[in-house]
1. Condition check: surrounded by 18 or more Cβ atoms within 10 Å (Cβ to Cβ) and of a type in the set (S, T, N, Q). Does residue 391 satisfy that?
2. Out of the residues in region 321-349 that are at pLDDT 90 or above and in a loop (DSSP other than H, G, I, E, B), which is farthest from residue 251 (Cα to Cα)?
3. Being under 30 Å from residue 377 (Cα atoms), among the hydroxyl-bearing types (Ser, Thr, Tyr) and at pLDDT 85 or above narrows it down to one residue among 255, 181; which is it?
4. Tell me which residues, restricted to region 51-91, are part of a loop (DSSP other than H, G, I, E, B) and within 25 Å of the chain's Cα centre (by Cα).
5. Any residue at all in region 373-382 that is in the same structural domain as residue 358 (by TED's automatic domain parsing) and at positive phi?
6. Only residues that are part of a strand (DSSP E or B) and either within 24 Å of the chain's Cα centre (by Cα) or more than 25 Å from residue 270 (Cβ to Cβ) (or both): list them for region 352-398, please.
7. Mind checking which pairs have a first residue in region 144-170 that is of a type in the set (Phe, Trp, Tyr) and assigned to a loop (DSSP other than H, G, I, E, B) and a second that is buried (at least 17 other Cβ atoms within 10 Å of the Cβ) and modelled with pLDDT of 70 or more, Cβ under 9 Å, 6 or more apart or different chains?
8. Name the residue that is surrounded by the fewest Cβ atoms within 10 Å (Cβ to Cβ), counting only residues in region 228-283 that are of a type in the set (Ser, Thr, Tyr) and more than 18 Å from the chain's Cα centre (by Cα).
Amino acid sequence: MTERRRARRAVGLSVALVTGAVGLVTGNAAIFVASTVGLVYAAYESATRRPEPELTVERTLEPATPLPGDEVTVTVTVHNHGRSYLPDVRIVDGVPERLRVVEGAPRFGTTLDADDSDSFSYTVRARRGEHPFGETTVVCHDLAGTEECRESVTVETTIDCSADVESIPLSAQMLQRTGRTRTQAGGDGVSFYGIREYQSADPMRRIDWNRFARTSELATVEYQETAAATVVLLLDTRHPVAPRPRDPNAVQFCTYAAEQLARTLLAENDRVGAATFDDCAYLRPSGDRSQYRRLCEFLAAESGDDAVASEFLEEASGRHRFQSFADVASADPVADGGDPVGMLDRRFPDEAQVVFCSPLLDDRAAGAAKRLAAYGHDVTVVSPDVTASETPGGALAGFDRSERIDDLRGTVRVADWTLTDPLAKTLVRATERWSA
């Protein structure tokens with residue numbers, strides 16, 4: 001969309017001519033001289049070209065697929081493809097509504113020669129979800145400032161902070177309903193599983209007629225059954241530890257991982273619930289269409305995100321502050337002295353598998369994973385590595401965390417998430433290791 005605003009120089013010229021004529025008729029030199037000012041101004045306006053912009057706008061992001069809390073550098077480039085010199089070009093970029101500018105400004109002013117370009121940058125902080133940019137407004141003025149051309153340019157750009165996890169391997173703890181998780185049993189399905197002796201109740205379509213033609217013996221083809229799973233996403237919200245101040249903390253990374261896993265599991269027809277360690281807030285597993293919304297609201301409230309609790313929450317916790325590694329060692333268990341692992345186990349369905357999202361910064365988290373496995377739940381730990389080697393405390397925390405992971409791998413499956421890698425890539429590597 002383009003808007004043009006033009007000063008009415010014809011009016012000024014008419015006034016100057018009338019004033020000059022009056023000066024000549026009356027013989028008043030002062031009036032005649034005054035009219036020349038208007039004539040000079042009108043002549044100057046006529047000599048200056050009105051802006052005829054032929055502009056394109058480009059926008060780039062670095063990094064292109066950030067994690068929650070990452071700083072994203074937005075670079076906007078405007079190019080003048082026309083033959084006219086543009087003496088005054090002003091640009092206002094359409095920052096996504098839910099993102100905050102933390103450095104620089106989304107506004108810029110410049111001059112552009114023909115076939116010239118200029119750029120500016122600013123930084124926003126990423127949040128979970130998809131954040132499309134709005135229109136970029138470009139305003140051009142002529143040299144006199146009397147003409148304005150305003151354009152609204154749409155550049156399709158989205159900060160995507162919700163990279164999908166393609167799959168997460170689940171165990172054989174299944175429900176008696178159809179899903180997408182393969183079981184170790186034969187029956188109805190798609191993938192070939194095996195051949196067994198024919199039984200009178202077997203349907204005709206399952207008979208191996210090729211075998212019958214060769215041997216005159218009836219046999220039944222079995223396919224690998226798929227079933228749905230019940231999964232509880234257990235979120236460790238105790239330690240909002242970050243490698244450095246202003247960096248995303250462990251609770252934010254765990255929440256992000258839980259949201260992505262929930263989206264994938266629900267899409268595969270699994271029943272998904274959530275809980276927190278160790279205040280024992282709990283959202284019952286479900287597979288209906290509204291469950292993802294309920295899960296996101298639950299996770300946002302329990303992680304201290306800027307969302308409000310909903311009617312689906314059984315408990316709610318307050319906001320978390322930034323915490324250093326020195327605070328972790330003094331972390332206290334549940335205030336009432338209860339047993340959070342035992343309480344969670346009593347709430348979880350017997351067939352529930354547990355995906356424990358925890359940075360594993362203390363022995364209580366590792367012990368909780370072991371105990372849940374001992375209670376009969378298949379446990380997978382997704383652990384973001386928020387330790388940093390720049391400080392002695394961070395280096396020691398990283399060493400202790402590695403020891404816990406090595407110890408856990410004899411009991412439960414652990415996906416060690418290096419934060420420079422996408423979560424999906426981490427799970428693919430972990431799956432390859434588990435199946436080796």
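The values are calculated or read from the model by the stated rules, or taken from the named source; none is laboratory data. Just so you know, these numbers come straight off a predicted model, no measurement behind them. Neighbour counts run over all protein chains shown; Cβ positions are idealised from the backbone, glycine included.
1. So residue 391 does not fit the description; no.
2. Let us first name the residues in region 321-349 that are at pLDDT 90 or above, namely 340-349.
Of the ones still in play, those that are also in a loop (DSSP other than H, G, I, E, B) are 348-349.
Numbers: 348: 22, 349: 25 Å.
Taking the candidates together, the pick is 349.
3. On the way: 181 fails: at pLDDT 85 or above.
Testing whether each residue is under 30 Å from residue 377 (Cα atoms), among the hydroxyl-bearing types (Ser, Thr, Tyr) and at pLDDT 85 or above leaves just 255.
4. As a first pass, look at region 51-91 and keep what is part of a loop (DSSP other than H, G, I, E, B): 51-54, 63-70, 81-85.
63, 64, 65, 66, 67, 68, 69, 70 - these are the residues of region 51-91 that are part of a loop (DSSP other than H, G, I, E, B) and within 25 Å of the chain's Cα centre (by Cα).
5. Yes: region 373-382 contains one or more residues that are in the same structural domain as residue 358 (by TED's automatic domain parsing) and at positive phi.
6. 354, 355, 356, 357, 380, 381, 382, 383, 384
7. Note: no pairs meet the criteria.
8. Here the residue is 282.
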